[in-house]
Amino acid sequence: MKYSQKRVARLFDECVTGKSVLITNKITTLVKQTAFDSLRLKPNDTLLDVGTGTGKWAIQAAKICQNVIGIDISRKSLERAAQNARKEKVNNIIFSFGSFEEPCKILDLHLYPINKILVLYSFHHLPDELKKEAIVTISKFLHRPGRIVIGDMMFFDNPKKYQDRFKEVNYDGGETDFPAYTEFLIKCFRRLLVKIKVRQIHPLAGVITADFI
Ligand SMILES: C[S@@+](CC[C@H](N)C(=O)[O-])C[C@H]1O[C@@H](n2cnc3c(N)ncnc32)[C@H](O)[C@@H]1O
């Protein structure tokens, strides 16, 4: 199906209201934890979490670093994220509406000394051309030295060979999920002359770490 930001936002709103269910499993958790660890967060860091969802990882990050900004297109997820942060008594965190396409829709991200960016299981919703643009867009907020980490579905091999394993990474086969080939993502980063590291966790999922010096 064709990409529609509104449709994706509705889907994740529905996960919060209980109309849809967001499944987590061993592989997705491993991908997210590996990506989070790859950030190597430090007390002085300011993190931008793009596609923060209900804020689980952003809140975890806020307990380690100076400030965290989480943006998302699902307003219900953002409301839940703010509630979760209050419950955990975390107050160095801002949740705001914003997308890969228009990150500064509400909040001017240029005002923050962002030096780490996390993209966890949100990138695969974009078609490849938008992913290419998004990498350039988000890298412009990154103060140097800085790091972008993407942990998501990505194809290390022909996905047709792994149809019986789609569930392991939560791939819906192309309904709202458009994972890229890893090589494509690597090329997008190489254009920006950054140092990258790729870690395969599954034939259809992994982590990319890009260092901007
Ligand atoms: C599978 S959830 C992951 C949430 C969170 N990162 C986590 O790992 O727990 C994907 C999130 O990406 C968000 N998302 C999808 N497309 C987006 C876009 N174009 N811009 C910003 N966020 C987006 C969705 O609204 C959803 O909250």
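Since every read-out is calculated from the coordinates, none of them should be taken as a lab result. All values reported here derive from a predicted model rather than from experimental measurement. Cβ atoms come from the backbone with ideal geometry, glycine included; neighbour counts cover every protein chain shown.
Simple spin-label model, 7 Å along Cα-to-Cβ: Arg199 to Glu175 in nm? With each label placed 7 Å out from Cα toward Cβ, I get 3.0 nm. Can you tell me how region 27-80 classifies by the Cα gyration tensor, rounded, prolate or oblate, using a/c under 1.5 as the rounded cut? Oblate. The string of couplings for region 45-55 from the Karplus curve (6.51, -1.76, 1.60, θ = phi - 60°) is 6, 10, 10, 10, 10, 9, x, 5, x, 8, x Hz, one whole number per residue in order, with x for Gly and Pro.
Shape of region 55-190 from its Cα gyration tensor (a ≥ b ≥ c, root eigenvalues): rounded if a/c is under 1.5, otherwise prolate when a/b > b/c, or oblate? Cα axes put region 55-190 in the prolate bin. Counting only DSSP beta bridges whose two residues both lie in the chain, roughly 45 percent are antiparallel. Holding the Cα-Cα limit at 18 Å, pick out from Lys42/Lys87; Lys32/Lys56; Lys140/Lys195; Lys116/Lys197 the pairs that are longer than that. Long pairs (Cα-Cα over 18 Å): Lys42/Lys87. A DSSP coil position with no more than 15 other Cβ atoms inside 10 Å describes the following trypsin sites (Lys or Arg not before Pro) in region 19-73: Lys19, Arg40, Lys63. Centre-to-centre separation between the Cα atoms of region 50-118 and those of region 137-209: 21 Å.
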